[in-house]
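Read through the structure below, which is laid out as structure tokens, and then see the notes.
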Amino acid sequence: MQSFSFLKIPVHNGLTMIIDKGQSPEYVEHSMKVFANYITCAKFGWGTSAVQSEEILKEKIEIYKKYGVKPYPGGTLFEYALKEGKFLEFLDYCNNLGFECVEISDGSMEIDFDLKCECIKKAKEYGFIVLSEIGKKSIEEDAKIPISKKIADLKLEIEAGSDFVILEGREGGKSIGLYDEKGNLKQDDLEQIVNSDIDFKKLIFEAPLKNQQVEFIERFGNSVNLGNIAFDDVISLETLRTGLRGDTFGKIPK
Ligand SMILES: C=C(OP(=O)(O)O)C(=O)O
Ligand SMILES: O=S([O-])[O-]
């Protein structure tokens, strides 16, 4: 039973994606016991899935699924597979491992946009939940893409079949995507997103830092979808979403 249930804390239906950087099965099991009900999916960051044994990977996938959490491999691993000419083998293998979602990104390499959309469609045909990602990992490359182009592309990726489109924030949340070098939100870019006609339920903001989580909750409500959340920050984020921390105290409607 939920503790302090008599306080009737606010509810939300925001998606929370955590970033798993190769945590052990035991750590995952213990963590899920504490907060699985606050997360939706777990990304095995970048190529970390390929640096763990198949047995460990399968064990972790099982644990996450047992707790109702959807694990998936990071977009960088998809990019690596595509570069090697092994995209379909990658999809088959992900399927055999038990992953139900894949991420399609072009953060680390150039992928023709039509090909990226074809990959989204193919992954859908295979039956995966598809998360695609907009943005580059390199600060210089990412800065070259105006927010208007990112908004246009993300709409096309949704049309191609993406269930969710992720806005890049990396693990660090600084100097990339919507963030300046201090990790603060670039207000002009944020305004363009707020004022666009995007279906916000399909958008996931990678927001590893507390100030970013607070600002998204204030701008989009406590059901905003947030990703790249560290294990240690899951419960803390939940307190932000429910007005149980000073930053959002008294600001979350019941
Ligand atoms: C951690 C990230 O990379 P990847 O999607 O490859 O895991 C990210 O995009 O924030
Ligand atoms: O590799 S990461 O931090 O997106």
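The values are calculated or read from the model by the stated rules, or taken from the named source; none is laboratory data. Model, not experiment: these values are computed from the prediction. Using ideal geometry, Cβ is built from the backbone for each residue, glycine included, and neighbour counts are taken over all protein chains shown. Just the protein is used for accessible areas: all its heavy atoms, side chains included, with ligands, DNA and RNA removed. Shrake-Rupley method; radii C 1.70, N 1.55, O 1.52, S 1.80 Å.
What to note about this one:
- Straight-distance crosslink candidates among aspartates and glutamates, where the alpha carbon sits under 16 Å from LYS121 and sequence neighbours closer than 8 are dropped: GLU79, GLU89, ASP92, GLU100, GLU103, ASP106, ASP112, GLU133, ASP153, GLU157, GLU159, ASP163
- Value of relative contact order over the chain, rounded to a whole percent, pairs C-alpha under 8 Å and six or more apart: 20 percent
- Derived scalar couplings between HN and Hα for region 197-202 equal 9, 5, 6, 5, 5, 9 Hz in order, rounded to whole Hz, by the Karplus curve 6.51 cos²θ - 1.76 cosθ + 1.60 (θ = phi - 60°), x for Gly and Pro.
- The calculated FRET efficiency for the pair LYS21 and ARG219, based on their C-beta separation and a Förster distance of 35 Å, comes to about 0.80.
- Cα gyration tensor category, rounded, prolate or oblate, for region 16-241 with a/c compared to 1.5: oblate
- Furthest towards positive pole of dipole, THR76, CYS101, GLY177, structure part region 16-241, Cβ charges: CYS101
- For LYS201 and GLU55, the difference between the fully extended length at 0.36 nm per residue and the C-alpha to C-alpha distance is 49.1 nm.
- Probe 1.4 Å, all protein chains present, accessible-area order of ASP199, ASP163, largest first: ASP199, ASP163
- The alpha-carbon of LYS33 sits under 16 angstrom from the alpha-carbons of these aspartates and glutamates, leaving out residues fewer than 8 places away in its chain: ASP20, GLU59, GLU62, ASP232, ASP233, GLU238.
- Surface per residue (accessible, 1.4 Å probe) for region 16-241, Å²: 43 Å²
- Between LYS122 and LYS65, the simple spin-label model (points 7 angstrom out along Cα→Cβ) gives 2.3 nm.
- Label positions at LYS144 and HIS30, each projected 7 Å from the Cα along the C-beta direction, are separated by 4.5 nm.
- Choice from GLY127, GLY227, GLY47 showing the highest fluctuation, given a GNM over the chain with Cα pairs closer than 10 Å: GLY127
- The length gained by stretching the chain between SER3 and ASP114 to full extension, at 0.36 nm per residue less their Cα-Cα distance, is 35.0 nm.
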